[in-house]
Amino acid sequence: MARLIANVKINWVSETQGGKSTLPLNELYYVITDPIKGKFGESISWSLVLDINNNYYDVIIGSRIGLGRAYFLVDEAPHFLLYEGFTLNVYEGPHFVAVVEVKSLTSYYSDNHTDLNDP
């Protein structure tokens, strides 16, 4: 089964609202999603892996922003939801930490590790 990898923008919850004091950077960060309805109507929270390569403070909107890539941890996850503009609320345990927005698909991996950018 193919595993989609998306370029994402992460809108971090502020520290004053219970967000993380130290943001993950250059390491895999595992979070869980709000319950998501699958193809068959079932609602399940899924593990999402964030690979964050940049965090900055956007002074215009007054928010901490992260940039990186994201993918679901397991093959059975609803990969079809990773389309441009889709957003997910994510949690570290019971704590709401960010809203992840899919900006674009970067690649997918299957048994032959195909990249969307390959001809």
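Every read-out reported here was derived from the displayed coordinates using simple, explicitly stated rules and does not represent laboratory data. Computed from a predicted model, the values in this text were never measured in an experiment. Because the Cβ atoms are built from the backbone with ideal geometry, glycine has one as well, and the counts that use them run over all protein chains shown.
Before moving on, here are some points about what is shown:
- Working ranking of peptides 18-27, 78-87 by packing, defined as the average number of other Cβ atoms within 10 Å per residue, highest first, is 78-87, 18-27.
- Among Val59, Val100, Val49, the largest mean-square fluctuation in a Gaussian network model of the chain (Cα springs under 10 Å) belongs to Val59.
- In this simple spin-label approximation, Tyr30 and Thr106 carry label points 7 Å from Cα along the Cα→Cβ vector, and these lie 2.0 nm apart.
- Between Asp58 and Phe86, residue separation times 0.36 nm minus the direct Cα-Cα distance comes to 8.0 nm.
- Shape annotation for the chain: C-alpha extents along the principal axes are 43, 35, 23 Å, from largest to smallest.
- When you filter the trypsin sites (Lys or Arg not before Pro) in the stretch 21-76 for DSSP loop state and at most 12 other Cβ atoms inside 10 Å of their Cβ, you are left with Lys39.
- A DSSP coil position with no more than 15 other Cβ atoms inside 10 Å describes the following chymotrypsin sites (Phe, Trp or Tyr not before Pro) in the stretch 6-77: Phe40.
- Length-normalised contact order of the chain in % [C-alpha pairs under 8 Å, at least 6 apart]: 37
- Förster radius 22 Å - calculated FRET efficiency between Leu73 and Thr22 (Cβ-Cβ, nearest 0.05): 0.45
- Dipole magnitude (debye, nearest 20) for the stretch 40-113, charges at Cβ of Lys, Arg, Asp, Glu: 280
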